[in-house]
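Data block below; observations after.
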Amino acid sequence: MGNKLKSLALLKVGFFEVFFVLLVLVLFFGVLNFFNILSLSKIYPNQLGWLPHQQPTAQNQTSGTVTNKQFSTTAGFTKLQNQASDSQMKKYQAFAARFSNPAPQKNSNNYISNAVFSGYNNQTIQVVIKDGILNLNFNQTTLFQKFPTLTTSKNSSTSTEMLSKSIGYSSSQDFFKNVSFGSVLLVFFSKSDLKTTQVNYIESIKPLL
């Protein structure tokens, strides 16, 4: 009789141990599923579709942006009052992919970049750079100018591209009147507020049509 009682006691202990292990596993996978780390309710919707899962919030939803190490630019960019066509924008983006990454200046928030001119309104100029499409704010202090040629200075070991003497535009309106979409620019801008302080038009490079 004593042996039977011992056997029943051991059986009960073994049952509770197995039950406890299974409960821990269920809780563990439930937590993973809830936080969408391992979405069992999506992998096995018929069997485990009842498992709870965290709904995406505005913070963790895909925002529709193109992100890289330096900038985040809207994939569905905001079009301006004067804007290149969609087909032109595709050409500009393909061309700008050859550019170098924007180069930081002495102030780590400021950058200089090659760009393609693609749109504008009264307070904004739109450019396409290697990283994407930027709508850059400008004001009366922003310098708009052109460089007729891009010359190459060579020595025995290196060659350096140099801009010729600049010619300033009287105003942003003068710049927009004389510079066509698809023109290659050199823009100086701040990363934090996307404000441009200087826009250089390289006149010797033919605009993209």
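The values are calculated or read from the model by the stated rules, or taken from the named source; none is laboratory data. Nothing here was measured: the structure is a model prediction, and the numbers come from that model. Every residue, glycine among them, receives a Cβ derived from its backbone with ideal geometry; neighbour counts consider all protein chains shown.
Quick notes
- Checked against the criteria, ASN137 does not count as in the same structural domain as SER180 (by TED's automatic domain parsing), closer than 14 Å to PHE181 by Cα, of a type outside the set (Phe, Trp, Tyr) and modelled with pLDDT of 95 or more.
- Filter result for VAL66 (in a strand (DSSP E or B) and either polar (S, T, N, Q) or modelled with pLDDT of 95 or more (or both)): no
- Residue within segment 102-110 that is free of Cβ contacts under 8 Å to residues at least 24 places away in the same chain and either over 22 Å from SER192 (Cβ atoms) or not assigned by TED's automatic domain parsing to the domain that holds GLN198 (or both) present: no
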